[in-house]
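Remarks on the structure that follows.
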2 protein chains.
Amino acid sequence: MPKLNPHFSALKKSYLFQKIAEKTAAHQKKRPQNSLINLGIGDIQKPLIPSCVEAMREAAVSFAKTETFQGYPPAEGYSFLRNQIASFEYQKTISPEEIFITAGAKNSCVEILQLFSSENIVAVQDPSYPVYVNGSLFSGMDLVYQPCLEENDFIPKLPEKPVDIIYLCSPNNPTGKALDRKALKTWVDYAVKQQSIILFDGAYEGFITSDAPHSIYSIPGAKKVAIEIRSFSKKGGFTNLRCGYTVIPNECQIKGVSLIDLWRKRLHSSFGGVSYPIQKAAEACYFPEGKKELALQMEAYQEQAAFLKQKLVALGYTVFGGIDAPYLWWKTPQRIPSWDFFEQILEKGVITIPGEGFGPSGEGFVRLSTFASIDKLQEAASRIQKGSLCVI
Amino acid sequence: MPKLNPHFSALKKSYLFQKIAEKTAAHQKKRPQNSLINLGIGDIQKPLIPSCVEAMREAAVSFAKTETFQGYPPAEGYSFLRNQIASFEYQKTISPEEIFITAGAKNSCVEILQLFSSENIVAVQDPSYPVYVNGSLFSGMDLVYQPCLEENDFIPKLPEKPVDIIYLCSPNNPTGKALDRKALKTWVDYAVKQQSIILFDGAYEGFITSDAPHSIYSIPGAKKVAIEIRSFSKKGGFTNLRCGYTVIPNECQIKGVSLIDLWRKRLHSSFGGVSYPIQKAAEACYFPEGKKELALQMEAYQEQAAFLKQKLVALGYTVFGGIDAPYLWWKTPQRIPSWDFFEQILEKGVITIPGEGFGPSGEGFVRLSTFASIDKLQEAASRIQKGSLCVI
């Protein structure tokens, strides 16, 4: 009889976003006349840019002909996309061979843990994207939480005891905080000294408007200790299409073992690659027309975040984030527990995510995703304003 | 400093199909004028059927509009596809909720192991698809090999000592052997008695022309002990597009723990799903027009396998497979080692895969994939015939 992986019992019964979906469905059953505005899950709302649509359409049609259809994709990714990423994301400071095309950051954040034994201590920002915590837990690793609080400007302090693996998410989901150069350098220096590995989730780097670094590799020494995980999901509007990339520099080694070599072994034995139409769509993000279209889209998203933040602040609320990320980190008035505040706002017809769902230090906040249109955000702000939420 | 997963050292330096690609590239460098016929890796050669192309094109174009574009796909798969599979593959004996849409069988065969602890003994057919062996090894599990030889008609015997997890691949890659009802029942009964779990890889079920069962669930009791992994890769020509499905029946439990519940926990915490355009393309396989187109394509593939087999037999060789699978299992003459025979045939301009690459009992055979056109297969047979390979 097989022994089960004993670590799944450490996970909560349902994944945060499933729980929100269930609560929302229950609400809608109770009040079917209410049309809800979804500022919960961080899903994009704008259609795919024309350049990507056209590239995907063309690739799809090419499968109809013997001369142009494609068989197995290369497990590491097509060169045409790896080259574009090396050039345009990293100005060739990273080689295409160090870039692996993935089916998105969610998958990658967990899969990368398979390079390590279960005998490791993982540091996560608290609050953080639940995938880091769940993935570490079912891999049997121990967790330590680095609180990101209003008091410390949402910058995690270094761990008191040595840790082996560190998830850093910047710009951060859920707080919206992008670590500045100084904060990032502190962590890279720590990792170099401790010989820890940083798993740097840069899924939201495209939203940065401050001068925070976009890549951890802009910090000297980072190539030795950091793996960078990125995604086309939010920046390119690919949440459905599932495409991202993971950078593993050749210099990134543990006791002389190159992590890129281990990764290649894992990859070729267990990953079938990402399809050609999806990679062609991703490639189009780097063509002149695609870049222009994406820049306009990003500008609109950034405006939306600023718009809703300003509305809530005008209502007297304390709100963080929204400068370098599509998320607002909304402090609950009078320290109302986040699940209660979530319910109150849901009653008004707006879906948010309770901060507690992202970790214990998320208590006292809710996360608002600002991908909705200005009209919807205006309507959400009006709903929130209407009647008393509670005394503020 | 992180402790690395110690189990990668058990893997060979490069994955079998990488090694073949390297050897082929070296040959081509040596003789650039030779154009090789690739009967090595089992990649499809025919374009995608028109129904799938059109469904994928239409889905791609729908991403251009706010009203029709799609955000995050459901992690378990779209209902439209799960419903079709339940109806047409399982005549509703499996519910759509027990069917999980995946990014292909290769990924699934390894990912499913994460439900189990490393303290398990895994039985694999020998020879077998290298992914089972590599995935089990880097998951830290112990392996036992069940020889599939000419002497036992390539039907694996039951293990002498109890095993926890059993990979069965039928029709088999590489031998082409589909287990008949009696053989399958022997394994299901064993698993029920031992409370083992069978991971049943049915990636090639669409190629069956004999009366061998297509699904393990046609054997009574199998739902309690078997997970079935399938793919659109070969049957639907999706090797590039990456789509398959995994069936985990509700009855499949270990000590009262439902594997489907564990799988859902893992899935929602670490998998972003499969994109809409790809799932729409897969759905089209089940529409009347799509079914007709696929049937014609499958017929052509089956003819190709029969054609090459007949040619080789006419040349005096002993050849197995090709009846229920697109693979021929070609016995090397005079017990020539399979890597040597591979080299000899490569010299003649035909790529094969040495049987030893699939496991120790694959020694003395090479695998031929028969996805190439009849013209190419005719040319391959002529090349093989020309000059002496060695005395037969």
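What follows is calculated from the coordinates using simple rules that are stated; it is not laboratory data. Bear in mind that the values here come from a model prediction, so they are computed numbers and not experimental data. Reconstructed Cβ throughout: ideal geometry from the backbone, glycine too, with neighbour counts over all protein chains shown.
Taking amide H positions as placed 1.01 Å from N in the peptide plane, with prolines and chain starts having none, which residues 5 or more places from B:TYR327, or on another chain, fall under 5 Å of its amide H?
For B:TYR327, the qualifying residues are B:GLY322.
From the phi of every residue in the stretch B:258-263, what ³J(HN,Hα) in whole Hz does the Karplus formula 6.51 cos²θ - 1.76 cosθ + 1.60 yield, where θ is phi - 60° and glycine or proline is x?
6, 5, 5, 5, 4, 4
For the stretch A:217-265 and the stretch A:127-162, what is the separation of their C-alpha centers, rounded to whole Å?
20 Å
Going toward the positive end of the dipole of the stretch A:51-157, with +1 on Lys and Arg Cβ and -1 on Asp and Glu Cβ, which of A:LEU137, A:GLY77, A:ALA59 do you reach last?
It is A:ALA59, whose Cα lies furthest towards the positive end.
Taking amide H atoms as placed 1.01 Å from N in the peptide plane, list the residues 5 or more away in sequence, or in a different chain, whose amide H sits under 5 Å from that of B:LEU143.
Residues meeting the amide H criterion: B:VAL122.
Using the Karplus curve 6.51 cos²θ - 1.76 cosθ + 1.60 with θ = phi - 60°, work out ³J(HN,Hα) for each residue of the stretch B:45-62 in order, rounded to whole Hz, and write x for Gly and Pro.
10, 9, x, 4, 5, x, 4, 6, 4, 5, 5, 5, 4, 4, 5, 4, 5, 5
Report the convex hull volume per residue for the stretch A:138-233, counting only C-alpha atoms, in Å³. Kindly include the intermediate steps, with their values, before the conclusion.
Details: hull volume 10.9 nm³, N = 96.
Expressed per residue, the convex hull around the Cα atoms of the stretch A:138-233 is 114 Å³.
Which number comes out as Rg/Rh for the stretch A:50-287 once both Rg and the Kirkwood Rh are worked out on C-alpha atoms? The partial results should precede the final answer.
Values: Rg = 17.9 Å, Rh = 18.4 Å.
My calculation puts Rg/Rh at 0.98.
Is there a quick way to get the dipole size of the stretch A:50-287? I mean about its Cα centre, with the Cβ of Lys and Arg at +1 and of Asp and Glu at -1; what is the value in debye to the nearest 20?
Values: 23 positive and 25 negative charges, 71 e Å.
Computed about the Cα centre, the dipole is about 340 debye.
Starting from the stretch A:155-239, pick out the GluC sites (Glu not before Pro) whose DSSP state is loop and whose Cβ has at most 15 other Cβ atoms within 10 Å. Numbers along the way, then the final one.
Numbers: sites: A:GLU160, A:GLU205, A:GLU228; in loops: A:GLU160.
Answer in residue order: A:GLU160.
Please average, across the residues of B:99-110, the number of beta carbons from any other chain that are within 10 Å of each residue's own beta carbon, and give a whole number.
On the way: counts 0, 0, 0, 1, 8, 5, 1, 8, 7, 2, 2, 5.
Going residue by residue through B:99-110 and averaging, the value is 3.
A:THR68 to A:ASP153: extension gain in nm, 0.36 nm per residue of separation minus the Cα-Cα distance?
25.3 nm
Determine the shape class of the protein assembly as shown: with a ≥ b ≥ c the square roots of the Cα gyration tensor eigenvalues, call it rounded for a/c under 1.5, and otherwise prolate if a/b is greater than b/c, oblate otherwise. Please report the intermediate quantities before stating the final value.
Numbers: a/c = 1.76, a/b = 1.73, b/c = 1.01.
Here the protein assembly as shown falls in the prolate category.
Can you run the Rg to Rh ratio on the stretch B:291-392? Use alpha carbon positions and the Kirkwood inverse-distance Rh. The partial results should precede the final answer.
Working: Rg = 13.6 Å, Rh = 13.8 Å.
Ratio of gyration radius to Kirkwood radius for the stretch B:291-392: 0.98.
What average count of beta carbons from other chains do you get within 10 Å of the Cβ of residues in B:5-17? Intermediate results must be reported in sequence, preceding the final value.
Details: counts 11, 3, 2, 9, 3, 0, 5, 2, 2, 4, 7, 2, 3.
Mean number of neighbouring Cβ atoms from other chains: 4.
How crowded by other chains is B:272-284, given as the mean number of beta carbons from other chains within 10 Å of each beta carbon?
Values: counts 17, 7, 5, 14, 3, 10, 6, 1, 0, 4, 0, 0, 0.
Other-chain Cβ atoms within 10 Å of each residue's Cβ, averaged: 5.
Say each of A:GLU160 and A:GLU303 gets a label point 7 Å from the Cα, pointing the same way as Cα to Cβ; how far apart are those two points in nm?
4.9 nm
Between A:LYS386 and A:THR318, what length comes free when the chain is fully extended (0.36 nm per residue of separation minus the Cα-Cα distance, one decimal in nm)? Don't jump to the answer; show the numbers that get you there.
Numbers: separation 68, 0.36 × 68 = 24.48 nm, distance 1.78 nm.
This chain segment gains 22.7 nm when fully extended.
List every residue whose amide H lies under 5 Å from the amide H of B:PHE365, counting only residues 5 or more places away in sequence or on a different chain, with H placed 1.01 Å from N in the peptide plane.
Counting only residues 5 or more places away or on other chains, the set is B:THR332, B:SER338, B:GLY355, B:GLU356.
Put +1 on the Cβ of every Lys and Arg and -1 on every Asp and Glu Cβ in the stretch B:50-287; which of B:LEU259, B:LEU179, B:LEU149 then has its Cα farthest towards the positive end of the dipole?
B:LEU259
Can you classify the stretch A:196-257 as rounded, prolate or oblate using the Cα gyration tensor, where a ≥ b ≥ c are the square roots of its eigenvalues, rounded means a/c under 1.5, and otherwise it's prolate if a/b beats b/c and oblate if not?
oblate
When a/c is below 1.5 the answer is rounded, else prolate if a/b is larger than b/c, else oblate, so apply that to the stretch B:153-291 with a ≥ b ≥ c taken from the square roots of the Cα gyration tensor eigenvalues. Kindly include the intermediate steps, with their values, before the conclusion.
Values: a/c = 2.18, a/b = 1.24, b/c = 1.77.
Judged from the Cα gyration tensor, the stretch B:153-291 comes out oblate (a/c at least 1.5, b/c at or above a/b).
Given points 7 Å out from each Cα along the Cα-Cβ axis, report the B:VAL257 to B:GLN195 separation in nanometres with one decimal.
Placing both labels 7 Å beyond Cα along the Cβ direction yields 1.2 nm.
From the backbone phi of the stretch B:129-135, what are the Karplus-calculated ³J(HN,Hα) couplings (6.51 cos²θ - 1.76 cosθ + 1.60, θ = phi - 60°) in whole Hz, Gly and Pro given as x?
Result, rounded to whole Hz: 4, x, 4, 5, 5, 5, x.
Given the peptides B:8-16, A:142-150, arrange them by the average over their residues of other C-beta atoms within 10 Å, most packed first.
Values: B:8-16: 16.0, A:142-150: 17.7.
Packing order, densest peptide first, comes out as A:142-150, B:8-16.
For the stretch B:70-126, state which trypsin sites (Lys or Arg not before Pro) are in a DSSP loop and have at most 12 other beta carbons lying within 10 Å of their beta carbon.
B:LYS92
Just for chain A, what percent of DSSP beta bridges are antiparallel, to the closest 5? Walk me through the intermediate numbers first.
Details: 20 of 39 bridges.
DSSP beta bridges in chain A are roughly 50 percent antiparallel.
Starting from the Cα-Cα distance between B:SER9 and B:GLU379, subtract it from 0.36 nm times their residue separation and give me the gain in nm to one decimal.
129.1 nm
Roughly how far apart, in whole Å, are the Cα centres of the stretch B:291-330 and the stretch B:332-392?
15 Å
Indicate, rounded to the nearest 5 percent, the antiparallel portion of the DSSP beta bridges found entirely in the protein assembly as shown. Mind dumping the intermediate values first?
Values: 42 of 81 bridges.
Bridges in the protein assembly as shown are about 50 percent antiparallel.
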